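Report on the following structure.
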Amino acid sequence: MNTPMTHTLRNSCRLALFVLTFSLVTFSLSARAGLPQASAVPGGLAVVPLARVANTSKPQAWLGKQSVLVTSDQGVWYAVVGLSLKIALGSHELRVSTDDTTMVHHFTVEDKAYPEQRITLKDKGKVDLSSKNLKRVGKEYTVIVGHKKFWRETAETDLDFILPAKGEKSSRFGLRRFFNDKPRNPHSGLDLAIATGTPVMASSAGTVLGVDNYFFNGKTVFVDHGNGLVTMYCHLDKFKVVPGQQVGKGDVIGLSGMTGRATGPHLHWSVMLNGTMVDPELFIQ
Ligand code: ZN
């Protein structure tokens, strides 16, 4: 019964099977729980495959002089590189050192047009700062940059985050903001509109790095997740943790509020990786 007809049928069955297998493989690759979503744009993440786990112990990787996070997933080592909102577009070099070699990997940063947001603040004291407040903000900036660049080497980092609270995403990462028509830095986190007193959870396991009250960010908790990954929770009403405390994913670290510069009660959540702010939503599956 080997007519041309059955041949065609058999071939199309084979094709269907191939397409099915291929799409299953593609699906399982895109649904990896261990890696955040790659988005090689300013404010995003480059996920760069480095080597097979079977061939080398954990590689080290650097972007310029900055160490970057290396993790394994399904038998492959990957560098997960945080890309600054100010990073130049085009090709970048990642220096990688394995057991026996040092080599350069390349990745390309593409453009992304983030939307615009205009905010009117009635309290002009929080837009045009007095010299006393400028001094305070300057001191606080140094502390915040220290937390942002913090590096603690750990064997594992849980990159599969949960949203720190359930609420409407009222302002997304990267928005180009204007306060009272004056251009400001783009929005460096994700805002969740939640009522004052709502429990705020650690997005992943880690150690509390800082608990402080800042002029702009208000009552703020920093959680260090290891290997240059730090999360920041701002405008809290109350703290529920102390510096140095170990927290698990989902543990309550504070209650939300509107301390600091906030137009209403909300949580501002930032994710910092290799010393730069990146889009928190890339870590949410
Ligand atoms: Zn915000």
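The values are calculated or read from the model by the stated rules, or taken from the named source; none is laboratory data. Predicted model, so just to flag it, every value in this text is computed and none were measured. Here the Cβ is made from the backbone with ideal geometry for all residues, glycine too, and neighbour counts use every protein chain on show. Protein only, heavy atoms only, side chains kept; ligands, DNA and RNA dropped before computing areas. Shrake-Rupley method; radii C 1.70, N 1.55, O 1.52, S 1.80 Å.
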Of (1) among the hydrophobic types (A, V, I, L, M, F, W, C); (2) open to solvent by 50 Å² or more (accessible area, probe 1.4 Å); (3) without any contact (Cβ under 8 Å) to a residue 40 or more places away in the chain, Val143 satisfies every one except (3)
Scan of the stretch 111-140 for residues that are assigned to a helix (DSSP H, G or I) and open to solvent by 90 Å² or more (accessible area, probe 1.4 Å), ordered by number: Lys124, Ser131, Lys132, Leu134, Lys135, Arg136, Lys139
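Can you name the residue in the stretch 174-204 that is within 13 Å of the ligand (Cβ to nearest atom) and part of a strand (DSSP E or B) and, of all such residues, is farthest from Tyr233 (Cα to Cα)? Write out each step before concluding.
Start the filter on the stretch 174-204 by keeping residues that are within 13 Å of the ligand (Cβ to nearest atom), which leaves 174-175, 177, 179, 184-194.
From what's left, part of a strand (DSSP E or B): 177, 179, 190-193.
Values: Arg177: 20, Phe179: 22, Leu190: 10, Asp191: 10, Leu192: 11, Ala193: 13 Å.
The qualifying residue farthest from Tyr233 (Cα to Cα) is Phe179.
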Considering only the stretch 35-85, give the strands (runs of 3 or more DSSP E) lying wholly within it that have at least 3 residues that are open to solvent by less than 30 Å² (accessible area, probe 1.4 Å) and under 13 Å from Asn227 (Cβ atoms). 66-73, 76-82
Could we say that Asn217 is closer than 18 Å to Pro280 by Cα, out of contact with any Pro (no Cβ under 7 Å at 6 or more places or on another chain) and free of Cβ contacts under 8 Å to residues at least 40 places away in the same chain here? no
When you check Ser171 against the structure, is it of a type in the set (Gly, Ala, Ser), surrounded by 15 or more Cβ atoms within 10 Å (Cβ to Cβ), at pLDDT below 95 and within 16 Å of the ligand (Cβ to nearest atom), yes or no? yes
Near pairs, Cβ below 7 angstrom, 6+ apart or cross-chain, from the stretch 265-282 (free of Cβ contacts under 8 Å to residues at least 24 places away in the same chain and more than 18 Å from Val68 (Cα to Cα)) to any residue that is among the hydrophobic types (A, V, I, L, M, F, W, C) and away from the ligand (no atom under 14 Å from the Cβ): none
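Evaluate the stretch 229-236: report whether one residue or more is touching an Asp or Glu at 6+ places or on another chain (Cβ under 6 Å), away from the ligand (no atom under 12 Å from the Cβ) and in contact (Cβ under 8 Å) with a residue 40 or more places away in the chain.
To start, the set of residues in the stretch 229-236 that are touching an Asp or Glu at 6+ places or on another chain (Cβ under 6 Å) comprises 230.
Remaining after also requiring away from the ligand (no atom under 12 Å from the Cβ): 230.
Keeping just the survivors that are in contact (Cβ under 8 Å) with a residue 40 or more places away in the chain gives 230.
Yes, that holds for at least one residue.
Restricting attention to the stretch 258-285, which residues are within 16 Å of the ligand (Cβ to nearest atom), open to solvent by less than 40 Å² (accessible area, probe 1.4 Å) and over 15 Å from Glu168 (Cα atoms)?
Listed by number, the residues that qualify are Thr259, Gly260, Ala262, Ser270, Val271, Met272, Met277, Val278, Asp279.
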